[in-house]
1. Tell me which residues, restricted to segment 29-39, are within 13 Å of the ligand (Cβ to nearest atom) and in contact (Cβ under 8 Å) with a residue 40 or more places away in the chain.
2. Output the residue which, of all residues in segment 120-142 that are small (Gly, Ala, Ser) and within 26 Å of residue 260 (Cβ to Cβ), is nearest to the ligand (Cβ to nearest atom).
3. Where residues in segment 12-28 are open to solvent by 20 Å² or more (accessible area, probe 1.4 Å) and within 16 Å of residue 107 (Cα to Cα), which of them is farthest from the ligand (Cβ to nearest atom)?
4. Scan segment 97-120 for residues that are buried (at least 18 other Cβ atoms within 10 Å of the Cβ), part of a helix (DSSP H, G or I) and not aliphatic (A, V, I, L, M) and jot them down.
5. Please pick out the residue among 241, 254 that is closer than 26 Å to residue 181 by Cα, among the charged types (D, E, K, R) and more than 22 Å from the chain's Cα centre (by Cα).
6. Residues of segment 62-85 being within 17 Å of residue 34 (Cα to Cα) and open to solvent by 40 Å² or more (accessible area, probe 1.4 Å), which ones?
7. When only residues in segment 95-119 that are away from the ligand (no atom under 15 Å from the Cβ) and over 14 Å from residue 52 (Cβ atoms) count, which is modelled with the lowest pLDDT?
8. How many residues does segment 134-171 hold that are open to solvent by 50 Å² or more (accessible area, probe 1.4 Å), out of contact with any helix residue (DSSP H, G or I) (no Cβ under 8 Å at 6 or more places or on another chain) and more than 24 Å from residue 36 (Cβ to Cβ)?
Amino acid sequence: MKKVTKAVIPAAGLGTRVLPATKSMPKEMLPIVDKPAIQYIVEEAVRSGITDILIITNRGKGLIEDHFDRVPELEGRLTSGGPEKEKILNDIINISHLANIYFVRQKETRGLGHAVNCARSFVGDEPFAVLYGDDVIIGEDPACGQLIRAYEEFGRGVLGVKKVSAEAITKYSSLKVEPIHDNYFNCTDMIEKPSPDKIMSLYSILGRCVLTPDIFDILDQTQPGAGGEIQLTDAMCTLARREGMVAVDYTGTRYDMGNKLGIMQAQVEVALNHPEIGADFRNYLKSICASL
Ligand code: UTP
């Protein structure tokens, strides 16, 4: 079985739920304390054994490319800043060495499935991970790596899933699942943005999957679905019905950086554990909470 060393990060959405912040700024570049969301995602992929990453971008996302590039002027200034600037200098340089990062443009915003289909030639005939560009997952054991381990065990496509509330699931996807063992399930059907009468279970795909290249021929045939977009879930549904997929209820906390509340939850929880500002932020938050 081929190892999973490639990952695709779709980051070509319009981010309409976070306007006006995302009018000219890609939502993937929104910071969580001091790092843009997409850097957390790239770091998770690298910790999972990924060496090559394709980021799907669109117009106005040049900032993402700049972030993973070297910046000689800035590095020069930090070098002459003495020992106290040395750590940040190393951090800045390391960003450009995290992985081999490639970019391709999705020329029209036609949905997540359409975005993933832009990765066909990068992927070739290897299995690959997909990390949704607005889902940051923080945890000891990287979520992407948990899915890769399931792929290595079962040799089939893998979905990263979590249980969501009955109200929330209509905005996500719903899966038909049966337990395999521990946090592994067999998934044989799914639906994107189900109406309440179509809910199959409260398990939903949240932010990560591992796919085989079979998905590309299916994507070519996938018609626009919910919201008029070519949905990755619809293509994965064909795969699940055909050969079954494995759903992994991964450990780690997922933050939805595509909506305002998710962004604030990420900020607060990461700030509380931040080595530099964690203690001060905790005191600040306690004083605020006392006055609520
Ligand atoms: P979303 O469903 O959150 O879409 O995409 P969006 O357009 O970014 O957000 P809203 O609804 O307008 O606020 C989930 C992931 O798929 C990517 C997004 O960048 C995000 O990481 N995506 C979505 C694409 O790359 N291309 C698309 O055509 C749609």
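1. Selection gives 30, 37, 38.
2. If we filter segment 120-142 for residues that are small (Gly, Ala, Ser), which is where we start, we get 121, 124, 129, 133, 139.
Retained after the next criterion (residues that are within 26 Å of residue 260 (Cβ to Cβ)): 133, 139.
Values: 133: 3, 139: 19 Å.
Checked segment 120-142; the qualifying residue nearest to the ligand (Cβ to nearest atom) is 133.
3. 14
4. Of everything in segment 97-120, those that are buried (at least 18 other Cβ atoms within 10 Å of the Cβ), part of a helix (DSSP H, G or I) and not aliphatic (A, V, I, L, M) turn out to be 113, 114, 117.
5. 241
6. Matches in segment 62-85: 63, 66, 67, 74, 85.
7. So, considering only residues that are away from the ligand (no atom under 15 Å from the Cβ) and over 14 Å from residue 52 (Cβ atoms), the one modelled with the lowest pLDDT is 96.
8. 8
The values are calculated or read from the model by the stated rules, or taken from the named source; none is laboratory data. In this text, all values refer to a predicted model and were calculated from it rather than measured experimentally. When we count neighbours, we look across all protein chains shown, and the Cβ atoms used for this are built from the backbone with ideal geometry, even at glycine. With ligands, DNA and RNA removed, areas are computed over all heavy atoms of the protein, side chains included. Shrake-Rupley method; radii C 1.70, N 1.55, O 1.52, S 1.80 Å.
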